[in-house]
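The values are calculated or read from the model by the stated rules, or taken from the named source; none is laboratory data. Just so you know, these numbers come straight off a predicted model, no measurement behind them. Using ideal geometry, Cβ is built from the backbone for each residue, glycine included, and neighbour counts are taken over all protein chains shown.
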């Protein structure tokens with residue numbers, strides 16, 4: 001019996017186009033990505049309307065957690081290498097080569113100088129465990145106070161890289177005195193300009209800043 | 001289509017005696033490659049930090065230990081608004097700088113809320129100063145000045161909120177100053193006076 005033959009369609013779909021899209025997106029993400037830096041503590045920064053983005057290089061980051069512990073970090077690995085040499089010389093810590101190398105790859109420091117050598121001698125996973133309960137870098141309101149380790153860190157870091165921009169990333173619930181110690185120490189070095197890291201929030205309507213922001217956009 | 005057409009169609013015909021070599025398809029199954037692509041995309045999407053943190057630039061007033069006392073207090077009483085940050089995100093404020101011990105300032109309490117918060121007070125103060133400038137009571141160079149004095153019980157978020165209010169309300173002159181014992185006493189007195197009301 002003759003009956004109409006339906007043409008059979010192949011179930012194969014051409015994947016080339018989809019493959020193109022997938023790799024295009026992949027390329028975008030690979031280029032746009034910047035890995036989350038290893039953070040010693042979780043910090044919830046307060047919000048502000050400031051829209052200045054954080055610069056990528058030459059940053060000294062001072063993290064303050066809810067308990068007021070201070071952690072110190074700088075971004076460049078080479079700079080970290082120079083820094084530990086300076087610190088080693090200044091504080092006479094007698095660090096070995098391996099301990100210095102350990103410092104160069106470590107993300108941040110929250111240990112007083114007295115414990116620094118024993119901390120750097122530990123393998124990386126144990127360093128992390130120690131950092132969780134670290135006392136933080138001791139600071140004081142006066143630069144000249146003998147226990148103001150933070151002042152030493154800042155001085156050494158600024159000697160290795162004078163272009164360093166100082167950023168304070170503090171938790172919203174950190175008490176004011178702990179942040180004030182950092183500010184006072186910076187003032188002691190005649191650093192009056194620094195950055196506070198914040199989240200972005202919307203400008204409340206009807207305020208001076210709101211009018212300002214909208215006026216700039218209108219003339220175009 | 002991306003693959004080549006390998007079936008002989010319009011090409012020249014070969015002679016009847018020529019055997020056709022069996023042609024293999026040049027099509028490759030791209031599905032695993034797409035899978036791999038999307039897997040990597042997912043990985044990068046999760047590890048990336050697209051939202052860059054924002055910063056707030058802050059300029060502290062220049063401080064010199066050798067500076068003379070009389071050089072420091074050059075702000076006029078009438079342009080100044082002193083704000084004290086205290087515990088539980090409470091904000092105390094008063095007009096002027098309370099330099100005259102015989103005239104204690106009228107300390108009021110508020111908070112950071114959107115309505116009837118400290119912002120309204122700052123706007124009010126700014127309008128007052130503008131009016132005084134217009135009437136000639138103040139020179140053209142006088143600006144509303146806000147003195148921020150964080151108490152030891154205040155938190156960092158209070159400070160950032162306050163600095164943010166400065167930029168929100170376009171206050172150009174402000175300073176973060178250590179709280180004095182006098183101001184601490186003002187807070188204590190106000191707290192004591194208000195205590196029965198709060199409980």
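Points to keep in mind about this one:
A quick yes/no check of all residues on (1) touching a helix residue (DSSP H, G or I) at 6+ places or on another chain (Cβ under 9 Å); (2) closer than 27 Å to residue B:164 by Cα:
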site	(1), (2)
A:30	yes, no
A:45	yes, yes
A:61	no, yes
A:64	yes, yes
A:74	yes, yes
A:84	yes, no
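- Test for residue B:167: is it at pLDDT 80 or above, within 14 Å of another protein chain (Cβ to nearest Cβ), surrounded by fewer than 21 Cβ atoms within 10 Å (Cβ to Cβ) and touching a strand residue (DSSP E or B) at 6+ places or on another chain (Cβ under 8 Å): yes
- Options B:55, B:82: the member that is away from every other protein chain (no Cβ under 14 Å), modelled with pLDDT of 75 or more, within 25 Å of residue A:192 (Cβ to Cβ) and not in a helix (DSSP H, G or I): B:82
- Some residue of segment B:168-190 being in a helix (DSSP H, G or I), touching a residue at least 40 places away in the same chain (Cβ under 8 Å) and closer than 23 Å to residue A:47 by Cβ: yes
The rows are residues; the columns are (1) under 20 Å from the mean Cα position of the chain (by Cα); (2) surrounded by 14 or more Cβ atoms within 10 Å (Cβ to Cβ).
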| site | (1), (2) |
| --- | --- |
| A:13 | no, no |
| A:16 | no, yes |
| A:43 | yes, yes |
| A:60 | yes, yes |
| A:71 | yes, yes |
| A:75 | yes, yes |
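- Taking segment A:1-109 as the region of interest, the helices (runs of 4 or more DSSP H) fully inside it that hold 1 or more residues being more than 8 Å from chain B (Cβ to nearest Cβ), touching a residue at least 40 places away in the same chain (Cβ under 8 Å) and touching a strand residue (DSSP E or B) at 6+ places or on another chain (Cβ under 9 Å) are A:77-91.
- Sub-6 Å Cβ pairs linking a first residue in segment B:89-116 that is at positive phi and at pLDDT 75 or above to a second residue that is part of a strand (DSSP E or B) and surrounded by 12 or more Cβ atoms within 10 Å (Cβ to Cβ), at least 6 apart or interchain, are B:96/B:80, ordered by first then second residue.
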